[in-house]
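The structure under discussion appears below in the form of structure tokens.
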Amino acid sequence: MSDIVISAKDLGLTFQTGDGPIHALKDVNLDVRQGDFVSFIGPSGCGKTTFLRVMADLEQPTAGTITVNGTSPEEARRARAYGYVFQAAGLYPWRTIGGNIRLPLEIMGYSRDEQARRTADVLELVELGGFEKKYPWQLSGGMQQRASIARALAFDADLLLMDEPFGALDEIVRDHLNEQLLKLWDRTGKTICFVTHSIPEAVYLSTRIVVMSPRPGRIADVIESPLPRERPLDIRDSREFIEIAHRVRDGLRAGHGDD
Amino acid sequence: MRNVLPILTIVLAILAIWYASAIALNAPWAYDKAKRANIELSATDLVRDTWSQKKPKLPVPHQVASEIWDTTGAMVLSGRGFSKRSLIYHSWVTFSATILGFALGTVLGTLLAVGIVYNRTMDLSVMPWVITSQTVPIIAIAPMIIVVLNAVGISGLLPKAMISMYLSFFPVVVGMVKGLRSPDAMQLDQMRTWNASAAQTFWRLRLPSSMPYLFASLKVGIAASLVGAIVGELPTGAVAGLGARLLAGSYYGQTVQIWSALLTAAALAALMVGVIGLIQRVTLKRMGMA
Ligand SMILES: Nc1ncnc2c1ncn2[C@@H]1O[C@H](COP(=O)(O)OP(=O)(O)OP(=O)(O)O)[C@@H](O)[C@H]1O
Ligand SMILES: [Mg+2]
């Protein structure tokens, strides 16, 4: 049991709004295992972000239970058990790239030497070595997003929650970052929950793909990927890849069936 | 160079209107004198007289300029730059009260803003009072502040500085509340994911984010602070300071003296706002926010 990182049981979250309740999540059951790369895909408003935010203790569920590392999301957050990558890089303009990556380390009370060592390490990991002293505005959007991933990797969290981190980037940059992310996942053995709108991205990255559907937000299908851990970019032309992509598309369509 | 032409045009227009108004306003006194002396005034005589009266209704720019020079540069040259008759001395008196009041107002305003942002009760209770404080005319409050402080034995610089503070803390509160609240939900969520304490969020996110708002407030605040210091010199019959010069000038109908104190105050305000603007530019540029 100890290799279950996230376990959601009959999870539900209803937002009370002026126009009545919105069922962002309903009866969600999911286990994420240690070392999994899980993608969440589904039409806009199906609750992907909400689900991730519940894991991160940024949103409180109104039904069911969820555990992170066997504890409540709040305890996991207090134990700094996860790194969260938002859709926007959100780097501080008044800090250098290095300063931005040190920010969570300062907050968590790492020693100066440790901060310097870790910053250099993660910058190397996302191929931004040599950019430590640059300011965010001196970097392209893709590089900024890589820096924000580095920031989430710098401290000891085995879980990485990523909400459309590459959503705003062009396809070529995105391919490249996907490749890097996979390598990084392989090397570090982290567990990753990854929200995306792109079917190829989900299939290329994931060991499991969670297809969600809206109103109420729920899980429509969970697809185990038979693809090997080692994935060159051209695996996207293989038959297996295309078959999984089809299944994801069918899942998405089924969720859309009622409208 | 291209911006110089429009500015020059405006300046020339203002000077022309000023000189023309002086003729119109000072003419009755010129005719009066001429009538008593039984002489006919030619147009040239009229202009010459209205532009050189001792106590004109409206002194002309060169009269004011020469008065300012006599009480600043000329006194410096004769080694009496800081005598009680020098405008430099009076400007310094007002300036020191302005800066002290401005510093106090900035600290008070920032502290109130922090309280308002972090404490819900303060958010609901303090802001209405802050706004009310500014609806009371300062000219009504100033004598009371001075009298009360005098009664407890505080006089001189501090009472004037208190009035400056009273005027300058307001823009700082308003600007800093907005500035401290300027980080977006995502940035605050991010801090939460790192389990940052309230103090860490304040020093590392909220305070740096508020800098553009702070500087905008400081510019308004320092100008208000100068007004406060001048107003603070009026009700006490103070003997030093630009306010005292204004008051003395109006007692004795010394319009040239009034105008030179007035223009000096304006120049002082422009200088102080300019210095803050410079610090703002450098700081925000270094922070990547400009
Ligand atoms: N704070 C909130 N208050 C009220 N309703 C909310 C709130 N956050 C999200 N919702 C609603 O919950 C539903 C799910 O939102 P969520 O952001 O999780 O969708 P999503 O799957 O991430 O969509 P997208 O792909 O567009 O990012 C939506 O209908 C949204 O309007
Ligand atoms: Mg979303």
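The values are calculated or read from the model by the stated rules, or taken from the named source; none is laboratory data. In this text the structure is predicted, and so the values were computed from the model without any measurement. Neighbour counts are summed over all protein chains in view; Cβ atoms, including those assigned to glycine, are modelled from backbone coordinates with ideal geometry. For the accessible areas, the whole protein counts, side chains as well, though only heavy atoms, and no ligand, DNA or RNA atoms are used. Shrake-Rupley method; radii C 1.70, N 1.55, O 1.52, S 1.80 Å.
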(message) within 11 Å of chain B (Cβ to nearest Cβ), more than 16 Å from ligand 1 (Cβ to nearest atom) and either closer than 21 Å to A:LYS190 by Cβ or polar (S, T, N, Q) (or both): is that true of A:ARG146 in this structure?
(response) no
(request) Select, from B:ILE131, B:ILE99, the only residue that is open to solvent by 40 Å² or more (accessible area, probe 1.4 Å), part of a helix (DSSP H, G or I) and either closer than 25 Å to B:ILE258 by Cβ or not assigned by TED's automatic domain parsing to the domain that holds B:PHE215 (or both). (result) B:ILE99
(request) Looking at (1) open to solvent by 10 Å² or more (accessible area, probe 1.4 Å); (2) more than 13 Å from ligand 2 (Cβ to nearest atom), find the lone condition where A:PHE86 falls short. (result) (2)
(request) For region B:41-66, name all the residues that are open to solvent by 70 Å² or more (accessible area, probe 1.4 Å) and either among the charged types (D, E, K, R) or closer than 10 Å to B:ALA27 by Cα (or both). (result) B:ARG48, B:TRP51, B:LYS54, B:LYS55, B:LYS57
(message) Let me spell it out: the conditions are (1) in the same structural domain as A:VAL210 (by TED's automatic domain parsing); (2) more than 15 Å from A:VAL195 (Cα to Cα); (3) in contact with a helix residue (DSSP H, G or I) (Cβ under 6 Å, 6 or more places away or on another chain); (4) surrounded by 20 or more Cβ atoms within 10 Å (Cβ to Cβ), and A:VAL122 meets all of them except one. Which number is the exception?
(response) (1)
(message) Among (1) out of contact with any Gly (no Cβ under 7 Å at 6 or more places or on another chain); (2) surrounded by fewer than 22 Cβ atoms within 10 Å (Cβ to Cβ); (3) within 11 Å of chain B (Cβ to nearest Cβ), there is one condition A:GLY141 misses while meeting the rest; what is its number?
(response) (3)
(request) Output the residues belonging to region A:45-83 that are within 16 Å of ligand 2 (Cβ to nearest atom), touching a residue at least 60 places away in the same chain (Cβ under 8 Å) and more than 10 Å from chain B (Cβ to nearest Cβ). (result) A:GLY45, A:CYS46, A:GLY47, A:LYS48, A:THR49, A:THR50, A:PHE51, A:LEU52, A:MET55
(message) Return the residues of region B:250-277 that are in a helix (DSSP H, G or I), of a type in the set (Phe, Trp, Tyr) and modelled with pLDDT under 90; say none if nothing qualifies.
(response) B:TYR251
(request) Filter region B:250-290 down to residues that are closer than 23 Å to B:TRP18 by Cα and either touching a residue at least 12 places away in the same chain (Cβ under 8 Å) or within 14 Å of chain A (Cβ to nearest Cβ) (or both), then give me how many there are. (result) 15
